[in-house]
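Scroll down for the structure; my scribbles are underneath it.
What follows draws every value from the coordinates through simple rules; no lab data is involved. None of the values given here were measured: they were computed from a predicted structure. Positions of Cβ are generated from backbone atoms using ideal geometry, with glycine treated the same way; all protein chains shown enter the neighbour counts.
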Ligand SMILES: Nc1ncnc2c1ncn2[C@@H]1O[C@H](COP(=O)(O)OP(=O)(O)O)[C@@H](O)[C@H]1O
Ligand SMILES: [Mg+2]
């Protein structure tokens, strides 16, 4: 039942709505066969619009083309594209049972009854909701509904699975569980999947690659690790995870910051960079460090998050190990490695 | 404690409504039932409805007419209501205004309009006279009644359908389409089930209104008698109060049963829709 993934290409796809809203600037994009691609960005940046273009629910502006493998599907309406869709609002048919929902696409395709029943059972089992088969939709919890929606979308073996914020309506614990399950599912099926979210943790966990979007444009495309460690610009750096800004001066092999100096191996001149909270460490006694004062300390279990002022022009967010006893008002000495710095051009 | 006080308060507030109910509903109905049984034929007045051809045919004609009008109105309004809700075009507001205009007309005026359209001096008559040489007149037949009833049924139903269409979740249709459903299949499997509660309830109202409509039939003075007309003539011309009362009760009973049935069906379809 493995669906061989479809490669998807968009060339010059822009979208201007009837009211003149330019939701998407011309976009070129390639989604590899079997890949999970995540669209990530703040609300209103054009993620859903892009997904709907790929689904066939919207037409790109003139010149835009969409290809599934080598087939040009630009002019095909959604019902001819064979795409699976999963919505934030589940969009299950309220007048059908769970099994009825899952069977719907097969019925439309006139799959014979016996085969249909077998396939529905298979889907129910895959999503671990076999016992819900005869329930009506309003008897299900949000998590169960989204499982049914996934089963319904996958039952027809779509060429690509399109998910628009599928976990956003669920509460935190459930979201985590279902996210893991979706991840396993997508890897096992090898289906090409496009996943829209505004949640960066979700994007990191699920995406083979992430497309970070801003105001209808792509800000960066890359593996989660590249996007986190080498953000293309300030927007991406700010949007993904937490970031600290450093501005200091290098003089005679020393980096000078408000909290002191660190030995520094780069040419003299001003230094502008960013730094992730986990790249800052408490300096060992006797080694160089930058002195600051802890304004607040939050114990998070696996680590503690400190806000330290006096080290850099702006207060720094620091992730410290959970075993060190620290509280607000303490003086700390911080250090970091040169290769942890994220250069920021703008 | 406060619960009890609240209940007492509610009961007090309900009292006037209850009084009105008893005074204007139960008492007259009771008298009506008594009147129906106190004629020369006694309780047999009810049986006459079935045995006397005139009453029986009137009853059947009224039910068929009302059912036909209801079905036609529903079909028409489902299409138009959905279209009007989903499309924005110049003149849309005017069109909705025109379609809901009959809401303000009494039955007499509707009957008058039908005569102007399809009566002996009507528009259609003149037109067919000029075109074919023979005059098409149908205002005074079943067709005239049908047109008239349709005309005054449309506004209520179309407004209900539009309100309900506005609340349909478009994502459901998109999901169905993504699964390969054609426009026809989407309409059958998603849109109509979504509109069903509204269609059932407005259809029931439409049926009830048609069953009891009097003004239009009176104005058209048709050769087929609908039940309210028969009741009127029994009461005023023949002074057959017992028969008029029996017919009234039967008319009320059928209408009430249809309304109750529709409410149950709508209720269960709403429950299924969650
Ligand atoms: N049908 C539409 N008509 C007009 N503007 C729209 C329509 N759909 C979306 N938009 C606008 O396009 C922009 C992008 O929307 P969307 O793709 O839904 O963003 P996202 O999913 O990233 O939150 C927004 O400014 C939104 O208001
Ligand atoms: Mg969106």
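Report yes if some residue within the range A:27-34 is surrounded by fewer than 19 Cβ atoms within 10 Å (Cβ to Cβ), more than 7 Å from ligand 1 (Cβ to nearest atom) and free of Cβ contacts under 8 Å to residues at least 40 places away in the same chain; otherwise report no.
Yes, that holds for at least one residue.
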- Can you spot a residue in the range A:228-239 that is within 14 Å of chain B (Cβ to nearest Cβ), under 12 Å from the mean Cα position of the chain (by Cα) and within 16 Å of ligand 1 (Cβ to nearest atom)? no
- Task: Considering each residue of the range A:89-120, count those that are assigned to a loop (DSSP other than H, G, I, E, B), crowded, with 17+ Cβ neighbours inside 10 Å and more than 9 Å from every other protein chain (Cβ to nearest Cβ), and give that number.
- Result: 1
- Task: Considering only the range B:175-189, state which residues are surrounded by fewer than 19 Cβ atoms within 10 Å (Cβ to Cβ) and at the interface with chain A (Cβ under 7 Å from one of its Cβ atoms).
- Result: B:182, B:185
- Item | Of residues in the range A:14-52 being within 16 Å of ligand 2 (Cβ to nearest atom) and part of a loop (DSSP other than H, G, I, E, B), the one nearest to residue A:208 (Cα to Cα) | A:41
- Note on the structure: Filtering strands (runs of 3 or more DSSP E) wholly in the range A:269-346 for at least 3 residues that are in contact with a helix residue (DSSP H, G or I) (Cβ under 9 Å, 6 or more places away or on another chain) gives A:316-320
- Query: Residues of the range A:157-176 being within 16 Å of ligand 1 (Cβ to nearest atom) and surrounded by 16 or more Cβ atoms within 10 Å (Cβ to Cβ), which ones?
  - Reply: A:162, A:163, A:164, A:165, A:166, A:167, A:169
- Item | Residue satisfying condition, being assigned to a loop (DSSP other than H, G, I, E, B), more than 16 Å from ligand 2 (Cβ to nearest atom) and farther than 20 Å from residue A:195 by Cα, within set A:138, A:61 | A:61
- Apart from one, (1) more than 16 Å from ligand 2 (Cβ to nearest atom); (2) closer than 17 Å to residue A:191 by Cβ all hold for residue A:80; the odd one out is (2)
- Task: Give the residues of the range B:190-207 that are more than 7 Å from chain A (Cβ to nearest Cβ), without any contact (Cβ under 8 Å) to a residue 60 or more places away in the chain and buried (at least 21 other Cβ atoms within 10 Å of the Cβ), sorted by residue number.
- Result: B:198
- Query: Just wondering, is there one or more residues in the range A:111-134 that are in contact with a strand residue (DSSP E or B) (Cβ under 8 Å, 6 or more places away or on another chain) and in contact (Cβ under 8 Å) with a residue 12 or more places away in the chain?
  - Reply: yes
- Query: Within the group A:35, A:58, which residue is away from chain B (no Cβ under 14 Å) and farther than 23 Å from residue B:188 by Cβ?
  - Reply: A:35
- Task: Report yes if some residue within the range B:232-245 is in a helix (DSSP H, G or I), under 17 Å from residue B:79 (Cβ atoms) and away from chain A (no Cβ under 14 Å); otherwise report no.
- Result: no
- Query: Of all residues in the range A:129-150, which are within 18 Å of residue A:184 (Cβ to Cβ) and within 11 Å of chain B (Cβ to nearest Cβ)?
  - Reply: A:149
- Are any residues in the range B:114-145 under 27 Å from residue B:59 (Cβ atoms) and assigned to a helix (DSSP H, G or I), and if so, which ones? B:114, B:115, B:118, B:142, B:143, B:144, B:145
